[in-house]
Every structure is written in structure tokens, then in C-alpha cells.
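**Student:** Below is the structure I would like to discuss, written out as C-alpha cells.
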Amino acid sequence: MPPNSVFAPAKINLTLHVTGQRGDGYHLLDSLVAFADVGDHLQVEPAPEMRLSVTGPRAEGVPGDARNLCWRAAEWFGRPAAITLEKHLPAAAGIGGGSSNAAAVLRALSALTGRPLPEQGTEALGADVPVCLAARAARMSGIGEQVQAVALPDLHAVLVNPGVGVATPAVFKALEKKDNPPMSALPEAADWNAWLAAQRNDLQAPAIAVQPVIAEVLAALAATKGARLARMSGSGATCFALYDSRAEAQAAAEDLRRAQPRWWIAPCTLS
Ligand code: C5P
């Protein structure tokens, strides 16, 4: 891909443990994050002034101005840019759309200008931006600013979003217990399915309280043939299920599409 063409993958929180809260209200997290081979596509060119055009199947409602994290990322990097954002991922969906877009803009501007990416501080744009800059499986902690690469095998998944936006602050607000245990020690090479099943997303219950349809999505995913685990990503509403093969994920996605033609359903590989 030329340096001005960048892919912004969906970010999936395979686990999301909320372990505490800072004085400023931000929550401490312990999360295993992976990235999908589905996502948004961006074109980025240095330009005399900022310009953003949003296209693609999920463009509706996405701001084309300084409210968009893409725009703020370019300003934060200190280089105005002309950006085309081809939106495929649902917004306000718990899969890091905005953060992944911002990380893609930072990567492109760094490649185009030869200026290295900043090592620190990108969490100021959004707590998920540091992990999205890595764009590979990682353990994320702090409020998101600590990112440690994890050797994760490729995982086959289906992502499902029922078409309701969820505001992250509302979900954190509905979370009753903020000091939950962290993830258990990562498995060596062995059974990721068993390990993942023993971990949690602490935001799942409060998100269901805010948007009950999430429980329906989880039940539908869990009932698909071959589903090993069904869980919500981030603060929702997108949920995922894991399968042993791409073919099983594909078949599950087709069954779900027949049953729920209005849901956003994406079979994918996570890495
Ligand atoms: O950083 P980001 O814009 O993604 O966060 C959205 C909101 O989610 C924050 O304003 C905050 O209310 C909540 N949040 C949090 N702790 C985190 C990340 C986000 O409380 N680690």
C-alpha cells in the first residue's frame, strides 16, 4: 500500500477488566486487545489546510470536521492534511473506530513526513489510540497508555453490532464495582479458548443495562454453530464470537444475517 493509503482495523477487546479509577475519573483497565482484518480505509495527504471527506457505507452521521478524531489527530501531529475516510465500521460501537482512524492518520503522517511517531501522549486523543497505533495483539493497561505486545495465534471471529450507538461514559457510569481483579497470567501457547473463557468484560453488564439488545446479540452469537465464546467488545454494543476456523465463522455469519438482516455482521480474523 502507498504510504498515503492506510487501513484502520477494528479493535476488539477480547477481555476488558476494570481494575480501579483514577482521581480524574478515568478508569484503570487490564485488557487483551486484538485487531480485525475488517476496518476503515483512509487516504492522507499533507495539505495547506485541514480537509476531511467521509465516504463509504457507514459514512452517515460521521462528522467531517474538527469533531472527528482524524482531524484532531492531524492537528495533534502538527501537520494539516487532506483526509478521505472510507467508513465501513459502525460508530460508537466499542470497536475503536475513531481511535483506529486517528492512529491511521498518525501513522500515515509519520510515513509521509519522515517524522517519527510520538512514543507517548497519544492517549490525550483517546484512551484507545496508543493500542491502535500498535495495531497488533497487545495487553493494554493504565487508562490505555501502557501497551505490551502479546503473541496471540490468529483467531477466527464474527463481529455483530445491532445498530445502536452506545456512549462510553454512560456505560462506565453504570458500572457499580470499579476495583475488579485483573486478568489472570496470560497462557503460554496452550489453550487460549479456555483462558479467554475465564476472563471478563466488566463493562458487559452495565452496557446491557443501558442497551438491553446487547444481551440478545450475545445470545444469538453464543447459539451459532461452533461458537467457543461470545463476549462484548469495549463499552459495546458490538459483540464477537470466536470459532475454530474461518469457514465456521463465515457459516455463522451467514446464519446470523438470515435471522437478523438489519444487524451489522462481519466474519473476520483477529491478530
Ligand atoms: O478516551 P476516550 O475518549 O475513548 O474515552 C471516552 C470516555 O470514556 C471518557 O471520557 C471517560 O468517561 C471514559 N473512559 C474511562 N476510562 C478509560 C477510558 C475511557 O473512564 N480508561
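The values are calculated or read from the model by the stated rules, or taken from the named source; none is laboratory data. Since the model is a prediction, treat every value here as computed from it, not as a measurement. FYI the Cβ positions are ideal-geometry reconstructions off the backbone, even for glycines, and counts take in every protein chain you see. What goes into the accessible areas is simple: the full protein's heavy atoms, side chains included, and nothing from ligands, DNA or RNA. Shrake-Rupley method; radii C 1.70, N 1.55, O 1.52, S 1.80 Å.
**Student:** For the stretch 213-271, treating each Cα as an identical point scatterer without solvent, what Debye log10 I(q)/I(0) comes out at q = 0.19, 0.28 1/Å?
**Tutor:** -0.61, -1.37
**Student:** Turning to a different aspect of this structure: Counting other Cβ atoms within 10 Å, which trypsin sites (Lys or Arg not before Pro) in the stretch 109-180 have at most 14 and lie in a DSSP loop?
**Tutor:** LYS177, LYS178
**Student:** So, with a 1.4 angstrom probe, what is the percent of accessible area on the stretch 162-229 that is carbon and sulfur?
**Tutor:** C and S atoms contribute 59 percent here.
**Student:** Let me ask another. By average Cβ neighbour count within 10 Å, what is the ranking of 8-15, 245-252, 190-197, 68-75 from highest down?
**Tutor:** Highest mean packing first, the order is 8-15, 68-75, 245-252, 190-197.
**Student:** Note down the Stokes-Einstein diffusion coefficient of the stretch 101-235 in µm²/s, whole number, using a Kirkwood radius over alpha carbon pairs, 4 °C, and 1.567 mPa s.
**Tutor:** 75 µm²/s
**Student:** So, one more: At q = 0.14 Å⁻¹, what log₁₀ I(q)/I(0) does a Debye calculation on the Cα points of the chain give, no solvent, two decimals?
**Tutor:** -0.96
**Student:** Show that you can apply the helix-only estimate: for the chain, add -39,500 (n - 2.57) for every DSSP H stretch of four or more residues, divide by all residues, and state [θ] at 222 nm to the nearest 500.
**Tutor:** Calculated from helices alone, the mean residue ellipticity at 222 nm is -8000 deg cm²/dmol.
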